[in-house]
Each structure stands twice: as C-alpha cells, then as structure tokens.
C-alpha cells in the first residue's frame with residue numbers, strides 16, 4: 001500500500017524521466033516540442049497523456065463549451081478518421097458523448113495501454129514506448145491537418 005506522497009513522488013519521477021527521454025525528439029516539422037504539455041495551437045483541442053495504476057492513455061480531448069461547435073470539431077476528426085488511423089497504424093476509441101472528472105461534457109478520441117502501473121518501474125519501458133510512439137504519430141497527423149481546424 002502506497003501513501004499519497006509516495007504515489008505523487010513516483011508519478012513525478014516517471015514524468016521527469018519521460019520528459020528527459022522525449023526532450024531531444026523533434027516534432028514532425030523538425031522543431032522542438034514540449035511533449036509533456038503538447039500545444040495543438042487550436043483553442044479547445046488538447047492532446048493529453050496520463051498513467052495510472054491500471055493503464056496509460058493518450059487522447060484527443062475536445063472541450064469547446066458550446067455543444068454545436070464541439071460536435072462540429074468532433075465531426076471534422078471523424079471525417080479524418082482513416083487518415084488518423086493510417087498515420088498511427090492503430091485504431092482509436094471514439095467517444096462523442098464523454099464527461100471529464102468534473103462532469104463537463106467533452107468528446108474523446110483515445111488509445112489505452114491496459115495492465116500497466118506507474119508505481120511499478122518494471123512497467124515504465126512499456127509505458128514510455130506506448131506514449132512515445134503514439135505522441136509522434138499524433139504529432140505527424142496533426143502537422144498534416146491542423147490548418148483545417150483554425
């Protein structure tokens with residue numbers, strides 16, 4: 001059993017290691033990227049990564065406060081589904097009617113790696129590999145399509 005402080009320290013240690021690992025990796029456009037806090041450049045569109053005690057995930061979160069605009073943005077992604085999946089080589093899980101931890105309505109497009117635990121350092125290579133590959137693929141996809149979302 002871990003204390004909250006131990007969990008916090010282990011998570012911080014993981015994200016520090018991941019940040020150092022990704023720091024020298026350039027984005028699809030050849031420029032430096034802050035992979036831990038990826039900026040899409042489009043308001044209300046976020047690329048998020050997280051790791052917990054049972055899984056790691058990467059996701060596209062659409063958080064526009066107006067439902068119609070959020071759904072329009074989601075439909076743009078749906079129209080680009082084949083390109084996203086071809087660029088990443090993986091299927092994504094599409095959730096047009098999700099809610100976040102505070103109950104706010106959002107749209108999600110995600111991939112999960114189940115059965116990993118951030119508290120278990122033996123899982124870190126698998127987690128890092130999962131996140132790195134998918135962030136690079138998502139960045140390559142975004143480089144191709146972001147102009148259509150501005």
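The values are calculated or read from the model by the stated rules, or taken from the named source; none is laboratory data. Owing to the predicted nature of the structure, the values given are computational and were not obtained by experimental measurement. As a convention, Cβ positions derive from the backbone with ideal geometry for all residues, glycine included, and neighbour counts pool all protein chains shown.
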Seminar exercise, completed: Out of (1) assigned to a helix (DSSP H, G or I); (2) in contact with a strand residue (DSSP E or B) (Cβ under 7 Å, 6 or more places away or on another chain), the one residue 36 does not meet is (2)
Exercise. How about segment 91-120: which of its residues are free of Cβ contacts under 8 Å to residues at least 60 places away in the same chain and within 21 Å of residue 14 (Cβ to Cβ)?
Worked result: 101, 110, 111, 112, 113, 120
Exercise. Only one of (1) closer than 18 Å to residue 145 by Cα; (2) modelled with pLDDT under 95; (3) outside any loop (DSSP other than H, G, I, E, B) fails for residue 5. Which number is that?
Worked result: (1)
Seminar exercise, completed: Filtering segment 133-150 down to residues that are farther than 18 Å from residue 76 by Cα and crowded, with 17+ Cβ neighbours inside 10 Å yields 134, 135, 136, 137
For this session: Give segment 1-33 a look and list any residue that's over 19 Å from residue 132 (Cα atoms) and surrounded by fewer than 11 Cβ atoms within 10 Å (Cβ to Cβ), or say none.
Result: 1, 3, 4, 5
Seminar exercise, completed: Reported set for segment 39-54 where residues are surrounded by 13 or more Cβ atoms within 10 Å (Cβ to Cβ), in contact with a helix residue (DSSP H, G or I) (Cβ under 8 Å, 6 or more places away or on another chain), in contact (Cβ under 8 Å) with a residue 60 or more places away in the chain and assigned to a loop (DSSP other than H, G, I, E, B) is 40, 42
Problem set entry | Of all residues in segment 109-150 being in contact with a strand residue (DSSP E or B) (Cβ under 6 Å, 6 or more places away or on another chain) and in a loop (DSSP other than H, G, I, E, B), the one that is nearest to residue 7 (Cα to Cα) | 118
Exercise. Just a yes or no: is a residue in segment 70-84 surrounded by fewer than 12 Cβ atoms within 10 Å (Cβ to Cβ), more than 13 Å from the chain's Cα centre (by Cα) and not in a helix (DSSP H, G or I)?
Worked result: no
Exercise. Any idea which of 36, 113 is surrounded by fewer than 17 Cβ atoms within 10 Å (Cβ to Cβ), farther than 17 Å from residue 148 by Cβ and touching a helix residue (DSSP H, G or I) at 6+ places or on another chain (Cβ under 6 Å)?
Worked result: 36
